[in-house]
Amino acid sequence: MRLQQKAEILGAKKFLGVPSVDFETGGREQLIYLLMAGLHPRSKVVDLGCGVLRGGYWLIHFLDPGCYCGIEPHAERLQIGIKTILEPGMMDVKRPRFDTNTRFDTSVFGEKFDFFLAYSVWTHASKPQVQAMLDSFLRDSNEGGVFLASYLPASGERPDYKGEAWTGTSHESDVAGCIYHSFRWITGECEGRGLRARELGRDTTHGQSWIEIKRRGPDGGF
Ligand SMILES: C[S@@+](CC[C@H](N)C(=O)[O-])C[C@H]1O[C@@H](n2cnc3c(N)ncnc32)[C@H](O)[C@@H]1O
């Protein structure tokens with residue numbers, strides 16, 4: 001059965017945390033963004049808030065065994081991803097690893113990662129949670145590491161989110177919702193950590209805005 005059909009059948013029974021519409025193309029587009037940023041089969045990737053593996057599905061297929069790690073505190077979503085979205089045998093062949101911590105703590109895997117991915121996560125995460133992800137990136141990525149995150153830019157009618165809590169469905173909530181962050185706040189947080197952020201534009205499938213974050217080069221550039 002095609003991945004899209006599988007997601008539609010699952011999504012009709014239970015909300016997957018993401019729309020089942022364009023599940024397949026949206027997940028594949030996450031892989032395309034990572035490829036454009038230099039992803040290689042040997043790259044080590046951590047997928048923050050990996051949900052039912054919409055993007056993880058493609059990454060697990062593409063990457064060498066042991067190279068994909070995912071964090072998802074909603075244990076049921078994770079099980080749907082592992083048991084139903086992934087084909088039988090993929091866990092044994094590709095050996096992805098998962099953790100359910102709520103702190104965006106990537107040190108649990110004992111790895112240095114080449115890529116951090118947070119798709120449709122900063123669209124729900126509070127500023128302290130975004131800060132925790134940036135701190136994890138600094139601590140647990142390689143020198144040339146890349147953090148790709150999607151977000152929704154704050155504007156006049158979409159105020160910069162100042163709350164402390166996650167907004168949207170999660171292991172703790174069934175209430176849908178999205179929040180907005182200002183790019184100026186994001187760049188300030190990056191600069192304070194010796195990182196540089198640049199906007200990559202909006203994706204085709206879901207229209208989320210992508211940001212690429214790296215350590216600042218010796219000349220201050222990318
Ligand atoms: C909108 S979904 C996106 C899932 C996935 N990245 C994708 O593109 O399909 C956001 C996910 O973040 C998860 N999440 C919520 N709080 C989290 C936390 N503290 N740490 C990690 N993930 C969290 C939710 O359970 C949900 O599965």
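The values are calculated or read from the model by the stated rules, or taken from the named source; none is laboratory data. From a predicted model like this one, the values you see are computed outputs, not experimental measurements. Virtual Cβ from ideal backbone geometry, glycine too; neighbours counted across all protein chains shown. The accessibility values were calculated without ligands, DNA or RNA, using every heavy atom of the protein model including side chains. Shrake-Rupley method; radii C 1.70, N 1.55, O 1.52, S 1.80 Å.
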Exercise for review: Grab every C-alpha pair in the range 92-222, bin the distances at 5 angstrom width from 0 up to the longest one, and report whole percents.
Suggested key: 2, 10, 19, 23, 20, 15, 8, 3, 1, 0
Point to revise | Inter-site label distance for residue 107 and residue 172 at 7 Å from Cα along Cβ, in nm | key: 2.1 nm
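Got the relative contact order for the range 54-151 handy, in percent, Cα pairs under 8 Å and 6 or more residues apart? Could the numbers behind the result be given before it?
Numbers: 117 pairs, mean separation 27.5, N = 98.
This gives 28 percent for the range 54-151.
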Exercise for review: Could you tell me what % of all Cα pairs in the chain have separations over 32 Å?
Suggested key: 12 percent
Revision key, fill the gap. For the range 124-214, averaging the sequence separation of alpha carbon pairs under 8 Å that lie six or more residues apart and dividing by its residue count, the contact order in percent is 34 percent
Exercise for review: Excluding residues on the same chain fewer than 8 positions from residue 112, give the lysines whose Cα lies under 20 Å from its Cα.
Suggested key: 44, 94, 214
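Pairs of Cα atoms under 8 Å, at least six residues apart: use those to get the relative contact order of the chain, whole percent. Before the final figure, lay out each step's value.
Working: 399 pairs, mean separation 36.7, N = 222.
Over the chain, the number comes to 17 percent.
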**Study point:** Accessible-area value, residue 166, 1.4 Å probe, nucleic acids and ligands omitted, Å²
**Key:** 80 Å²
Exercise for review: Subtracting the Cα-Cα distance from 0.36 nm times the residue separation, let me have the gained length for residue 40 to residue 61 in nm, one decimal.
Suggested key: 6.3 nm
Point to revise | Exposed-loop-free span, longest in the chain, where GluC sites (Glu not before Pro) count as exposed if DSSP calls them loop and at most 10 other C-beta atoms lie within 10 Å | key: 1-156
Revision key, fill the gap. Among trypsin sites (Lys or Arg not before Pro) in the range 122-203, those in a DSSP loop whose Cβ has at most 11 other Cβ atoms within 10 Å are 162
Study note, to complete from the structure: A chain fully extended from residue 135 to residue 93 at 0.36 nm per residue, minus the present Cα-Cα distance, gains in nm 12.0 nm
Exercise for review: Compute the convex hull volume of the Cα atoms of the range 56-123, divide it by the residue count, and report the result per residue in Å³ as a whole number.
Suggested key: 96 Å³
**Study point:** Residue (of 18, 175, 194) at the positive-pole extreme of the chain, dipole from beta-carbon charges
**Key:** 194
Exercise for review: Give, rounded to the nearest 20 debye, the magnitude of the charge dipole that the range 3-215 has about its Cα centre when Lys and Arg contribute +1 at Cβ and Asp and Glu contribute -1 at Cβ.
Suggested key: 200 debye
Study note, to complete from the structure: Once residue 164 and residue 75 are pulled to full extension, the length gained, defined as 0.36 nm per residue separation minus their Cα-Cα distance, is 29.8 nm
Point to revise | Per DSSP, loop chymotrypsin sites (Phe, Trp or Tyr not before Pro) in the range 1-66 with at most 14 further Cβ within 10 Å | key: 15
Exercise for review: Using a cut-off of 13 Å between beta-carbons, work out the net charge of the residues near residue 145 (Lys and Arg +1, Asp and Glu -1, residue 145 not included).
Suggested key: +3
